[in-house]
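The structure appears below as structure tokens.
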Amino acid sequence: MKKKWIIRADEVPPTSAIHTYILAQTDLSAQIAKFASYKKPPFLEFALKSVDLSRLRMAAEEAVAKYGAYPYKYQSKQGTTDYCLASLTFNPHKSDKISEDPIRSVVETSAFKAPSYYQWNLDGTQEQPEQNSPHLRNSIIDTYAFNEATEVAYFSEIGKITRSLQRPMIRSRLSLLKAYSLDATKFGFFWHCDEPIFLNLRLNVCIAGSPDYAFQVETSGEFPTVMSKSIAEVSPQEGRAYSWDTFLPHRVYCKKLSPVNRLHLVYGVSPWFDYDADEKTWYSNEFYGELHPFDMLTQGHISNLLEVRG
């Protein structure tokens, strides 16, 4: 019988994020290794059941108008104002916040020079997530600490999708890529990697856009180059949801200048560890080491609104 792992948030030391502590203190690496030969599709595509796309689009536009959407800000460096976000989750104990506004929670940090694990600049140089202090706990890197929903997460029709989630929602956002973004047409735009999907599985919901917008993922895991033959691409359809291995280098971009604003919901969920908010405890669930996160998606264990397409 597989051991059930229990991790209390208050036992995580200041030098660790919750998810990195889980990785260090459990046999998670061994459980992940069991899926080394799993055949991953470049992209999974889903239709959304019982979601009114026009109402969802209206809700997203009204949420941006009411709560705002903000560019990434890392220390004194601000990202392009063409790409703005509104947090769906926040951490009230965040130690490196710049603003008290929960809506800015996942986009701003006073300690780190780059987001997530790493990203590439427009000139092709790579930025590591360097920090001023050794404290990862309650920083922007502490993905599992972003587990309290903002008002945007339950705003009108957005709330229908949020309530459909079967696993804990962690760092998540509503993203806006503005029309006529020149930066978004450049090959170097926003390549980055996130946590392993066994720790943070992403579900990306296309609310508004056009065929000019696309996702790309460098399936080799190597540095993305213009000449690469291993970059997979999909142009998302409005009203569809997508998932892929976001531990690989990936990005959103625009094939040509688009007159349309792109609006997406980007949910992060913890597939193998559930959360008890009262006890502030993470514990391995019945899928831990047993079911690949992609299979959890297709079998309805992540959201009950997803219908597999393609």
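Here, each number is a calculation from the coordinates, and none is a lab measurement. What you are looking at is a predicted structure, and each value in this text was computed from that prediction instead of being measured. Note: ideal-geometry Cβ built from the backbone for every residue, glycine included; neighbour counts use all protein chains shown.
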Q | FRET efficiency, L257 to E148 (Cβ-Cβ, R0 45 Å, nearest 0.05) | A | 0.75
**Q.** In segment 193-271, trypsin sites (Lys or Arg not before Pro) in a DSSP loop with at most 12 other beta-carbon atoms within 10 Å
**A.** K229, K256
Q | Positive-end extreme of charge dipole, the chain - chosen from L23, S164, L176 (charges on Cβ) | A | L176
**Q.** Separation of alpha-carbon centers, segment 239-310 and segment 68-87, rounded to whole Å
**A.** 22 Å
Q: Give me E151, E45 ranked fewest to most by other Cβ atoms within 10 Å of their Cβ, as a rough exposure proxy.
A: E151, E45
Q: Under 9 Å from the Cβ of W191, count the other residues' Cβ atoms, weight Lys and Arg +1, Asp and Glu -1, and hand me the total.
A: 0
Q) Among V260, V205, V152, which comes first, second and so on when ranked by fewest other beta-carbon atoms within 10 Å? A) V260, V205, V152
(Q) If each residue of separation counts as 0.36 nm, what is the full-extension length gain between R309 and S50 once their alpha-carbon separation is subtracted? (A) 91.7 nm
Q: Sticking with the crude label model, points 7 Å out along Cα→Cβ, report the distance from S29 to T15 in nm, one decimal please.
A: 1.6 nm
Q. Which of rounded, prolate, oblate describes segment 1-84, given a ≥ b ≥ c as roots of the alpha-carbon gyration tensor eigenvalues and a/c under 1.5 marking rounded, otherwise prolate only if a/b is larger than b/c?
A. oblate
Q. Expressed in nm to one decimal, what extension gain is obtained for the pair R163 and K73 from 0.36 nm per residue of sequence separation less their Cα-Cα distance?
A. 29.5 nm
Q. Rg(Cα) of the chain divided by 2.2 N^0.38 Å?
A. 0.94
Q: Return the long-range amide H neighbours of T89 (sequence gap of 5 or more, or a different chain), with a cut-off of under 5 Å between placed amide H atoms.
A: T150, S172
Q) For segment 37-119, rounded, prolate or oblate, judged on the Cα gyration tensor with a ≥ b ≥ c (square roots of eigenvalues), a/c < 1.5 rounded, else prolate if a/b > b/c? A) oblate
Q | Added length on full extension, which subtracts the Cα-Cα distance from 0.36 nm per residue, A277 to D295 | A | 3.9 nm
(Q) Test of understanding: ordering K49, K113 by Cβ neighbours within 10 Å, fewest first, what list do you get? (A) K49, K113
